[in-house]
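Visitor: Here it is, the structure in full.
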Amino acid sequence: MKKIIIAALIINSAFSCNQPTEKNDPTVSNSAQTFSTDGKKVIVYTTADSTNLRLSITDTLFFKDLPQPVETEVCVFVDPSKSFQSLLGIGGALTDASAEIFAKLSKEKQQEFLSAYYDPQKGIGYTFGRTNIHSCDFSSDSYTYVTDNDSTLKSFSIDHDKKFRIPFIKQAIAAAGGKLTLFCSPWSPPAWMKTNNNMLHGGKLKPEYYQSWANYYVKFIKAYEAEGIPIWGASIQNEPMATQTWESCVYSAENERDFLKNNLGPTFAKEGLSDKKIIVWDHNRDLLYQRATTIFNDPEAAKYAWGIGFHWYEDWSGGTQMFENVGKVHESFPDKNLIFTEGCNDKFKIENINNWSLGERYGRSMINDFNNGTVGWTDWNLLLDETGGPNHVGNFCYAPIHADTKTGKLIYTNSYYYIGHFSKFIKPAAKRVISASSRSQFLTTAFMNGDGKLVVVVMNQSDKKIPYKLWIAGKAADVTALPHSIATLVL
């Protein structure tokens, strides 16, 4: 409990450091090609286990000549002249659960929460988000926006969402400076559209309702935008190969392909929503490549697909994850975008809320996903309560921030800080550049922001304190990585 209190206190001092405003400049590669370390200092921000450091400035470093490192020296090599994908954004999901817990907070704590996530100076600067189309597991109950058997959708209404979720999203947009790139995802069609006549437990969308269901997305997007909430895009189905105890619906790759090319894509085009990005798959990395080939190799389906989304639940243990599958899709379909659409740690127990592995899983995933071509990264629930809910099927999980509804206090987990090492410093439109480590216990990625600032993230997975050199084009700065730490180095 002492760690939780200390972390909450540190947040204000760590985030009060003046950070220049980054420009969303898509022509970053030009500045990357001319990047020089001459006269530049390196500001180091650190979060480390068994310390009070949470996104804290721990050092200011300078470069000196080092033409050739020796093999005994640990190095992180950065090459700003080699640039790759542009960052779309980093953020989390604005679910019913998060909205309901947010509504229970005092006005003071609500503002603290909003600043913690969306303020780029006081917080970690989220720019991206996801929300659910009617209910998901992290809703207090199952619900839809239409009455039973209304295939014409004349009864469509989002009045349910006006109580908690829509006000919550509006406040998040305002806290983010008036702009938040937001996509939506359904967990299940209404029960009467499905083969099992149930929103829960899988089932499939009946072919006779393909068009009604496509129209449903349009209704949702237009209704939310009428409320002042712009929708950037939509995924077709959350976890389409999972039969869950909660809202779920199964699509084979062929089912999803055909729904996209025959219904959803043409319907978006007809309804003036061609600018909305359509994300396929939205499930784990394990079957990612198979889904990509089935949809992207079909020209009629591929023309409607902006990209493919994925989760990290192929390995719940947090061990070996299938990052290479992300890279294989990127290599095979370089014109399609990769986006991490959901991830969280499950099996919530309040006594484990400070377990350091929770944050390290985020760091490991984000570094590997970005290095394999991912353009956007979305965490799951922004906020949950002291039980890991609410959740109407008992599927309780961890979030970066929890609210103790008994005391009204916010609990910042180490996952929040690990994500912040990316979202606070790497801005939308930043270009990824090469960053390579000389030791396997060091994970690293790097981005060049539009204002010419170079951001290098280094994660030490070991239990040892390790000195290393940040090396760029014959110059090096001496850095020290604390045990089980993540650091962001800003030039």
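Visitor: How many residues, within the range 136-178, are part of a loop (DSSP other than H, G, I, E, B) and among the β-branched types (Val, Ile, Thr)?
Guide: Qualifying residue count, the range 136-178: 5.
Visitor: Select, from LEU443, LEU410, LEU470, the only residue that is buried (at least 24 other Cβ atoms within 10 Å of the Cβ) and part of a strand (DSSP E or B).
Guide: LEU470
Rundown of residues vs (1) in contact with a His (Cβ under 7 Å, 6 or more places away or on another chain); (2) β-branched (Val, Ile, Thr); (3) closer than 17 Å to ALA305 by Cα; (4) modelled with pLDDT of 95 or more, yes/no style:
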site	(1), (2), (3), (4)
MET199	no, no, no, yes
GLY203	no, no, no, yes
PRO207	no, no, no, yes
LYS219	no, no, no, yes
TRP232	no, no, yes, yes
THR245	yes, yes, no, yes
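Visitor: Does ALA103 fit the bill of being in contact (Cβ under 8 Å) with a residue 40 or more places away in the chain and touching a Pro at 6+ places or on another chain (Cβ under 6 Å)?
Guide: no
Visitor: Sticking with this structure for a sec: What residue, among those in the range 53-70 that are touching a residue at least 60 places away in the same chain (Cβ under 8 Å) and in a loop (DSSP other than H, G, I, E, B), is surrounded by the most Cβ atoms within 10 Å (Cβ to Cβ)? Walk me through it before giving the result.
Guide: Looking only at the range 53-70, we keep the residues that are touching a residue at least 60 places away in the same chain (Cβ under 8 Å), and these are 53-55, 58-59, 61-67, 69.
Subset that is in a loop (DSSP other than H, G, I, E, B): 53-55, 63, 66-67, 69.
Values: LEU53: 20, ARG54: 24, LEU55: 26, PHE63: 23, LEU66: 17, PRO67: 9, PRO69: 15.
My answer is LEU55.
Visitor: Going residue by residue through the range 201-223, is there one that turns out to be of a type outside the set (Gly, Ala, Ser), in a strand (DSSP E or B) and touching an Asp or Glu at 6+ places or on another chain (Cβ under 9 Å)? Outline the logic, then answer.
Guide: First, pick out the residues of the range 201-223 that are of a type outside the set (Gly, Ala, Ser): 201, 204-211, 213, 215-222.
Now narrow it down to the ones that are in a strand (DSSP E or B): 205.
Those left that are additionally touching an Asp or Glu at 6+ places or on another chain (Cβ under 9 Å): none.
The answer is no; no qualifying residue exists.
Visitor: With respect to the numbered conditions (1) out of contact with any Phe, Trp or Tyr (no Cβ under 7 Å at 6 or more places or on another chain); (2) surrounded by 19 or more Cβ atoms within 10 Å (Cβ to Cβ), which one is the sole condition not fulfilled by PRO167?
Guide: Condition (2) is where PRO167 drops out.
Yes or no, residue by residue, for (1) modelled with pLDDT of 95 or more; (2) crowded, with 22+ Cβ neighbours inside 10 Å; (3) under 29 Å from ASP49 (Cβ atoms):
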position	(1), (2), (3)
ASP258	yes, no, no
TRP281	yes, yes, no
ARG291	yes, yes, no
LYS303	yes, no, no
GLY318	no, no, yes
LEU338	yes, yes, no
LYS347	no, no, yes
LEU358	yes, no, yes
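Visitor: Scan the range 171-184 and give yes if some residue there is surrounded by fewer than 17 Cβ atoms within 10 Å (Cβ to Cβ), modelled with pLDDT of 95 or more and over 25 Å from the mean Cα position of the chain (by Cα), otherwise no.
Guide: no
Visitor: If we scan the range 272-283, do we find a residue that is among the polar types (S, T, N, Q) and in a helix (DSSP H, G or I)?
Guide: Looking for residues that are among the polar types (S, T, N, Q) and in a helix (DSSP H, G or I), one finds none in the range 272-283, hence no.
Visitor: While we're looking at this one, here's another question. With within 22 Å of SER252 (Cα to Cα) and at pLDDT 95 or above as the only criterion, which of PHE396, PHE323, PHE333 stands out?
Guide: PHE333
Visitor: Moving on to the next point. Quick one: would you say ASN372 is surrounded by fewer than 23 Cβ atoms within 10 Å (Cβ to Cβ), closer than 22 Å to PHE442 by Cβ, of a type outside the set (A, V, I, L, M, F, W, C) and touching an Asp or Glu at 6+ places or on another chain (Cβ under 8 Å)? Walk me through how you get there before you give the answer.
Guide: Details: surrounded by fewer than 23 Cβ atoms within 10 Å (Cβ to Cβ): yes; closer than 22 Å to PHE442 by Cβ: yes; of a type outside the set (A, V, I, L, M, F, W, C): yes; touching an Asp or Glu at 6+ places or on another chain (Cβ under 8 Å): yes.
Considered against the rule, which asks whether it is surrounded by fewer than 23 Cβ atoms within 10 Å (Cβ to Cβ), closer than 22 Å to PHE442 by Cβ, of a type outside the set (A, V, I, L, M, F, W, C) and touching an Asp or Glu at 6+ places or on another chain (Cβ under 8 Å), ASN372 comes out as yes.
Visitor: So, one more: Name the single residue that is surrounded by the fewest Cβ atoms within 10 Å (Cβ to Cβ) among those in the range 391-407 being of a type in the set (A, V, I, L, M, F, W, C) and within 23 Å of TYR126 (Cα to Cα).
Guide: In this case the residue turns out to be CYS397.
Visitor: Restricting to the range 446-467, give me the number of residues that are outside any loop (DSSP other than H, G, I, E, B) and either of a type in the set (A, V, I, L, M, F, W, C) or buried (at least 23 other Cβ atoms within 10 Å of the Cβ) (or both).
Guide: Residues meeting the conditions: 11.
Visitor: Limited to the range 314-353, what total is found for residues that are part of a loop (DSSP other than H, G, I, E, B), within 18 Å of the chain's Cα centre (by Cα) and in contact (Cβ under 8 Å) with a residue 60 or more places away in the chain?
Guide: Residues meeting the conditions: 1.
Visitor: Just to be sure I understand the filter: pairs with C-beta atoms under 8 Å, separated by 6 or more residues or on different chains, first member in the range 471-482 and charged (D, E, K, R), second member assigned to a loop (DSSP other than H, G, I, E, B). Which pairs pass?
Guide: Every condition considered, the pairs that remain are LYS475/THR37; LYS475/PHE63; LYS475/LEU66.
Visitor: Can I ask one more? Tell me, which residue of the range 270-297 that is out of contact with any Asp or Glu (no Cβ under 9 Å at 6 or more places or on another chain) and among the charged types (D, E, K, R) is nearest to ILE229 (Cα to Cα)?
Guide: Out of the qualifying residues, it is LYS276.
Visitor: To continue, here is another question. Looking at LYS219, LYS277, LYS303, LYS261, which is the one that is among the basic types (Lys, Arg) and farther than 22 Å from ILE339 by Cβ?
Guide: LYS219
Visitor: Pull up the range 89-135, narrow it to residues that are polar (S, T, N, Q) and in a helix (DSSP H, G or I), then point me to the one that is surrounded by the fewest Cβ atoms within 10 Å (Cβ to Cβ).
Guide: Restricting attention to the range 89-135, the residues satisfying the condition of being polar (S, T, N, Q) are 95, 98, 106, 110-111, 115, 121, 127, 131-132, 135.
Add one more test, that the residue is in a helix (DSSP H, G or I), and what stays is 98, 110-111, 115.
Values: SER98: 29, GLN110: 18, GLN111: 14, SER115: 17.
Top of the filtered list is GLN111.
Visitor: Of these, LYS276, LYS261, which one is more than 23 Å from ASP379 (Cα to Cα) and among the basic types (Lys, Arg)? Give the derivation first.
Guide: Values: LYS276 fails: more than 23 Å from ASP379 (Cα to Cα).
Result: LYS261 is the single residue among LYS276, LYS261 that is more than 23 Å from ASP379 (Cα to Cα) and among the basic types (Lys, Arg).
Visitor: Under the condition of being part of a strand (DSSP E or B) and hydrophobic (A, V, I, L, M, F, W, C), which residue from the range 413-440 is surrounded by the fewest Cβ atoms within 10 Å (Cβ to Cβ)? Give the steps one after another, and end with the answer.
Guide: Residues of the range 413-440 that are part of a strand (DSSP E or B), as a first pass: 431-437.
Checking which are hydrophobic (A, V, I, L, M, F, W, C) leaves us with 433-434, 436.
Numbers: VAL433: 23, ILE434: 17, ALA436: 15.
Filtering first and then ranking leaves ALA436.
The values are calculated or read from the model by the stated rules, or taken from the named source; none is laboratory data. The model shown is predicted, which means the values in this text are computed figures rather than measured ones. For neighbour counting, all protein chains shown are included, and Cβ atoms are generated from backbone atoms with ideal geometry for every residue, glycine included.
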